[in-house]
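Q: Dumping the structure here so I can ask a few things about it.
The values are calculated or read from the model by the stated rules, or taken from the named source; none is laboratory data. As the structure is a computational prediction, the values presented were derived from the model and not from experiment. Cβ placement follows ideal geometry from the backbone for every residue including glycine, while neighbour counts extend to all protein chains displayed. The accessibility values were calculated without ligands, DNA or RNA, using every heavy atom of the protein model including side chains. Shrake-Rupley method; radii C 1.70, N 1.55, O 1.52, S 1.80 Å.
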Amino acid sequence: MKQTSSLDPSPEVLKAATSAQVQPHEDELARDLHDGVCTNPFAFLGCHLQTDDGLYRLRVFAPGCFAVSALSPADRRVLCQLQRVSDSALFVGVVALAASGDYLLRLESDLGAREIEDPYRFGSWLGQTDAWLLSEGSHLRPWEKLGSHPCSLEGVAGVAFAVWAPNARQVSLAGEFNLWNGRCHPMRFRVECGVWELFLPGVGSGALYKYDVLGADGQRTLKSDPYALSSELPPGNASRVMDLPAPVTDRAAIRQKGNALDAPICIYEVHAGSWRKPMGQLADWHFLAEQLVPYVVEMGFTHIELLPIHEHPFYASWGYQPTGLYAPTSRYGSPASFLAFVQAVHEAGLQLILDWVPGHFPTDAHAMARFDGTALYEYADPKEGFHRDWNTLIYNWGRHEVRNFLVGNALFWIERYGVDGLRVDAVASMLYRDYSRPPNEWIPNEHGGRENLEAIEFIRNTNRVIGEQTPGAAVMAEESTAFPGVSAPPWAGGLGFHYKWNMGWMHDTLSYFEKDPMYRRFHHDSISFAMMYAYSEHFVLPLSHDEVVHGKGSLFSRMWGDEWQKAANLRSLFALMYAHPGRKLLFMGSELGQLNEWNHDAELDWHLLQNGLHAGIQALVRDVNQLYKSSKALHERDDEPGGFSWVEVNDRLSSVFAFMRQARAETDQILVACNFTPVPRHNYRLGVPRPGVWREVLNTDSTHYAGGGVGNFGSVISQDLPSHGQAQSVCLTLPPLAVVWLAPEK
């Protein structure tokens, strides 16, 4: 007598299965599934009520399988042995289900047998509210629904995938879980919001995947997920499933204090891959947490700013051509290790700023370019959508779903990784439609003007959302034009940035220090001119990576003179910068007096510190950071005219400048005197506002910094001799190519 297995079908099931004759349209369905053109898989796959007596028609598309069965989840009893439709991978059967409607599938192939949940028995991942908010581009946190999310539906663990591709003919999932066969898992189309979605049971964190997109143009492309939280490095470029990081909720008060207009802000700008290279390899986040963070603390900086760390296929773009805005690049480790790095920054009392690139993205076929076979993320017309300088595509800020993608991304990094601010790249290229374009190669706005009204509104909205949702987080603009109100609030007609990079100060000042001191008298205004507009915006004074690349040389090499004079000029430049109104930013390596321009493939020239001149430059930067932070006169009133006054600005022949920095407290003052010639100036009289001892708190010519040691023996005493509109004055020795700071004794 034959033994009965628990997997053997019952007589009733066998009777139902034999009645499951292939229906005429199922041959066509099998072809569509095989060709990857089934546009509505949930209308056919899974269980569908067939008769009034409770029987369901079950269809399963299982490429590579030779047998498919439906099982009872409770006892693995066979409910139905499905029949193959012709020679296709479509299997059909008729099954009676319990009230719960649950069942399992048993798939048999040359790789063996496995039991799975049927993805096509589950409902939607997107709720109606999410779909509505996504459709109108007002979903505050679109990354909570779009992308890939480990979750449970109906008590079953898996991953919910969702991607915006409104014009695609079909989108399906390809990944490790289906041997990269996109035909296996066509997705459900939510026509109300243009999103394709699918819940895939049994998949977990770490799984690699892409979207198999049949575009409106008929081209089929494997696309990385624009909302992926983690990515595979090139050349694979696959997206990786991961859980959302937990929200960071304890930073508001710290940010508000550390990023305030009257706070000392001195930023160390870093390219993570080339600060140091342990054993000649790229550093990872663990190494940077252990080495970079303590170094920045020791040097006295308040903030670290990272060049873009979003996933990018081309390393030499330094991250400024990102394809994965939501994913920390895998070059330096996992997203979890980046989060640990951020925590190390915070534990050290520092704040972290990320460079952010919402202006353009690369043309790589695996990424956002023509994502659904149309110009989806980018403007369609090259006169609007192609960036001539960088051969990249420009986001279509007129499209609310694109704005939602970008605004959500800005909020994501602050909320979920706890970064304390964003520096927005290339703002000028966003503001103007004719940016870097010849006549007749740009399209005017609706009023006939050159301003990009959509980009302007996008910027204002981004800054408004960040201000409302993450108080204290700073947003800084790299903006090089005279566009008004960059750091004014949106309600006042401004763009809403907290700070703007002062590119004019940077260009004028570097140009001055490159010149032979013999001719500096003819360029005196290059130093003084910045005060003409110093209070028009809230400024950051940047000596950034852009000033040490593309043949410009390092800051050290750009200074005038021989080696000693270059070092003296560079020390003077730093002392002038830290005394000038505005927050400070210094690119890594500049504090070493780097000889060669920055090379992203190498580490900084740390060996230079064995040379006294370079060690002196580093020591000076360390000291000016500490003095800048401890003296309110140097930062408290950066944006107030009362915080700065010229003492001497007309001595062109001597190339001497002197000015006073003033805190809110009347007694907190710093006198800054600069001599930008190689000739010492003895008995140089400057007016001061109060009598008594004025102590020399900084002298860039000090032997401690490898200078010549010319100075004022630590202090001077004022005299009752009027000068520069003051009743008191001091008589100083101004060292050559040097800056001295003096503070009144309290």
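Q: Under a straight-distance cross-link criterion of Cα-Cα below 22 Å, which lysines are reachable from LYS584, leaving out those fewer than 8 residues away in the same chain?
A: Hits, sequence-local ones excluded: LYS257, LYS500, LYS552, LYS566, LYS629, LYS632.
Q: Let me understand segment 377-436 better: what is its radius of gyration from the alpha carbons, and its Dmax, in angstrom?
A: Calculated on Cα positions, Rg and Dmax stand at 13.2, 37 Å.
Q: Pick out, in residue order, every one of the trypsin sites (Lys or Arg not before Pro) in segment 633-693 that is DSSP loop and has at most 15 other C-beta atoms within 10 Å; say none if there are none.
A: ARG652, ARG664
Q: May I pose another question? Determine, from the Cβ-Cβ distance of TYR533 and LEU179 and an R0 of 51 Å, the FRET efficiency 1/(1 + (r/R0)^6), rounded to the nearest 0.05.
A: Efficiency for this residue pair is about 0.25.
Q: Sticking with this one: Please list, ordered by chain and number, the residues whose modelled amide H lies under 5 Å from the amide H of ALA67; skip anything fewer than 5 residues away on the same chain.
A: Close amide H contacts, sequence-distant or interchain: GLU108.
Q: To the nearest 10 degrees, how steeply does helix 503-514 sit against the main Cα axis of the chain, on a 0 to 90 scale?
A: Helix 503-514 sits roughly 50 degrees off the main axis of the chain.
Q: Of the listed values (i) 32.5, 124; (ii) 29.4, 95; (iii) 27.4, 82, grab the one calculated as Rg and Dmax of the Cα atoms in Å from the structure here.
A: Looking at Rg and Dmax of the Cα atoms in Å for this model, the match is (i).
Q: On C-alpha positions alone, give me the angle between the axis of helix 453-469 and the longest principal axis of the chain, in degrees, nearest 10.
A: Tilt relative to the chain: about 90 degrees.
Q: Calculate the FRET efficiency for ARG114 and HIS34 from the Cβ-Cβ distance with a Förster distance of 22 Å, rounded to the nearest 0.05.
A: That gives a FRET efficiency of 0.55.
Q: Sticking with this structure for a sec: If I compute solvent accessible area with a 1.4 Å probe over the protein chains, what percent of it on the chain is carbon and sulfur?
A: 52
Q: Please report the accessible area of TRP505 (heavy atoms, 1.4 Å probe, ligands and nucleic acids excluded) in Å², nearest 10.
A: That residue has around 10 Å² of solvent-accessible surface.
Q: Still on this structure, I have one more. Assuming a ≥ b ≥ c are the square roots of the Cα gyration tensor eigenvalues, decide whether segment 110-253 counts as rounded (a/c under 1.5), prolate (otherwise, with a/b larger than b/c) or oblate.
A: Rounded, because the longest to shortest axis ratio a/c is under 1.5.
Q: Report the relative contact order of segment 146-234, percent, no decimals, based on alpha-carbon pairs under 8 angstrom and at least 6 residues apart.
A: 31
Q: Roughly speaking, what is the stretch gain from LEU653 to THR667, that is 0.36 nm per residue apart minus the C-alpha to C-alpha distance, in nm to one decimal?
A: Length gained, LEU653 through THR667: 1.8 nm.
Q: Per 0.36 nm of contour for each residue apart, how much would the distance between ILE443 and HIS704 grow if the chain were fully extended, relative to their Cα-Cα spacing?
A: Additional length available on full extension: 88.2 nm.
Q: To continue, here is another question. Checking the cross-link filter: which lysines have an alpha carbon closer than 25 Å to that of LYS223, excluding same-chain neighbours under 8 positions apart?
A: Partners within reach: LYS145, LYS210.
Q: Within segment 284-325, list the residues whose amide N lies under 19 Å from a label point set 7 Å along Cα→Cβ of SER630.
A: Under 19 Å, as judged by backbone N against the label point of SER630, lie 296-303 of segment 284-325.
Q: Using the Kirkwood radius over Cα pairs, work out the Stokes-Einstein diffusion coefficient for segment 190-295 at 25 °C and 0.890 mPa s, in µm²/s as a whole number.
A: 131
Q: So what's the angle, to the nearest 10 degrees on a 0 to 90 scale, between helix 335-347 and the longest Cα principal axis of the chain?
A: Helix 335-347 sits roughly 30 degrees off the main axis of the chain.
Q: Separate question: 5 Å is the cut-off here: which amide hydrogens, built 1.01 Å from N in the peptide plane, fall below it relative to LEU698, excluding neighbours closer than 5 in sequence?
A: Close amide H contacts, sequence-distant or interchain: TRP741.
Q: Moving on to the next point. Near the amide H of LEU153, under 5 Å away, which other amide H atoms are found, from residues 5 or more places off or on another chain, if H is placed in the peptide plane?
A: Amide H to amide H, under 5 Å and 5 or more residues apart or across chains, LEU153 pairs with GLY158.
Q: Another question about this same structure. Could you please put ASP701, ASP27, ASP651 in sequence from largest to smallest accessible area, using a 1.4 Å probe?
A: Of ASP701, ASP27, ASP651, the descending order of accessible area is ASP27, ASP651, ASP701.
Q: Something else now. What does the accessible area of LYS632 come to, in Å² to the nearest 10, when a probe of 1.4 Å is used?
A: Looks like 110 Å² after rounding.
Q: Can you pull the accessible area of LEU82 for me, 1.4 Å probe, Å² to the nearest 10?
A: Near enough 10 Å² of accessible area.
Q: Could you please put ASP225, ASP217 in sequence from largest to smallest accessible area, using a 1.4 Å probe?
A: Descending order: ASP217, ASP225.
Q: How far is the Cα center of segment 493-553 from the Cα center of segment 91-145, in Å?
A: Here the two parts' Cα centres lie 57 Å apart.
Q: With a probe of 1.4 Å, find how much accessible area segment 29-147 has per residue, and write the answer as a whole number in Å².
A: Heavy-atom SASA per residue in segment 29-147 reads 44 Å².
Q: Can you tell me, using C-alpha contacts under 8 Å and at least 6 residues apart, the relative contact order of the chain as a whole percent?
A: 8
Q: Right, next: Using 0.36 nm per residue, how much length does the chain from SER88 to VAL549 gain when fully extended, once their Cα-Cα distance is taken away?
A: Full-extension gain reported as 160.1 nm.
Q: What whole-number value in Å² describes the accessible area per residue of segment 594-685 for a 1.4 Å probe?
A: Computed with neighbouring chains in place, this is 41 Å² per residue.
Q: Using only helices, what value at 222 nm comes out for the chain when you add -39,500 (n - 2.57) per DSSP H run of length 4 or more and divide by the total residues, to the nearest 500 deg cm²/dmol?
A: Estimated from H runs of four or more residues: -6500 deg cm²/dmol.
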